[in-house]
Amino acid sequence: MESLRQLLSPAEFDPKSCAQTFTIATTDYAMQTILPFALPRIYQEAPNVAFEFLPLQHERLVDQLTYDGADLAICRLIRSVEPLQSEVLGRVGVLCLLSRHHPLAQQSMTLQDYLDFPHAMIAISDGVKALLDQALEGLPSRRMVLRAYHLEAALAIIDTMPLIITVPADLAYLVAERYDLVVKPLPFSFTPFDYSMIWHPRCEHSPAQEWLRSMVKEECSKLIAKRVEDMGLDESRPD
């Protein structure tokens, strides 16, 4: 299929005349926090393109890009994906969300505070729990009172108990602004993780695919950097 696309693609790619449908496998997290902000620029340059988004399956990532028709995947790589190609979009840190009525809302959070207060874990956090567990190895387990697929479940009870919601920094930025929550840094060292786009080698030199990747890279990189700047954070260092 991609070989046919390349044969039909002009040497000089013109996004204005492109009417291709791009299929992207991505996580709920990226779908909520990254892609909606990149799509306006893409449609501005290529008003006739279309997109289909597939739920990303980490264990089937190679198959999704090799056999299932996905042109691109956007996620946190959790294992080797050879022979796929990849490029880092940016580094993502982790922050905590608290209600403005939380006992810690107006003071610094200590490690003991983080361990003592109840927690909610959201599935769209894209594997953050495993990274947090590694960072907290050897310490008492957190009291997890809620595990949910959607952030709304945690937000529904954030004012009824002193809940801590730990999520990727850019998601924290969006949610705090929308729901008037308090953002706190982690009270322990945590190395930000890479968020990447991945594609099959057969798409490497397709003009349309190269254009799409350049748009995603440029817009997502600017977005992540802007959120870091807006929050006064430096994600190049552990929190």
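Taking chymotrypsin sites (Phe, Trp or Tyr not before Pro) as exposed when DSSP calls them loop and at most 10 other C-beta atoms lie within 10 angstrom, the chain has its longest site-free stretch at 150-239. Loop-located trypsin sites (Lys or Arg not before Pro) in region 96-204 (DSSP state other than H, G, I, E, B) with a sparse environment of at most 14 neighbouring Cβ atoms within 10 Å: R100, R143. Counted by neighbouring Cβ atoms within 10 Å, the residues V167, V88, V49, V216 run from fewest to most as V88, V49, V216, V167.
Give the distance, in whole Å, between the Cα centre of region 39-115 and the Cα centre of region 175-208. After rounding, the separation between the Cα centres reads 5 Å.
Only DSSP H runs of four or more residues enter the estimate; each adds -39500 (n - 2.57), and after division by the residues of the chain the mean residue ellipticity at 222 nm equals -10000 deg cm²/dmol. Take every Cα pair under 8 Å whose residues are at least 6 apart in sequence, average their separation, divide by the length of the chain, and the relative contact order is 31 percent. Fully extending the segment from Q85 to T110, taken as 0.36 nm per residue of separation minus the present Cα-Cα distance, adds 5.0 nm. When M31, M197 are arranged by Cβ crowding within 10 Å, least crowded first, meaning fewest neighbours, the order is M31, M197. Mean sequence separation of contacting Cα pairs (under 8 Å, at least six apart), scaled by the length of region 94-185, corresponds to a relative contact order of 53 percent.
Site-free segments of the chain were taken between GluC sites (Glu not before Pro) in DSSP loops having at most 11 other Cβ atoms within 10 Å, sites themselves excluded; the longest one is 13-136.
Taken together, the values in this text are just the output of simple stated rules run on the coordinates, not laboratory data. Fair warning: this is a prediction, and the values are worked out from it, not measured in the lab. Cβ coordinates were reconstructed from backbone atoms using ideal geometry, including for glycine residues, and neighbour counts include every protein chain displayed.
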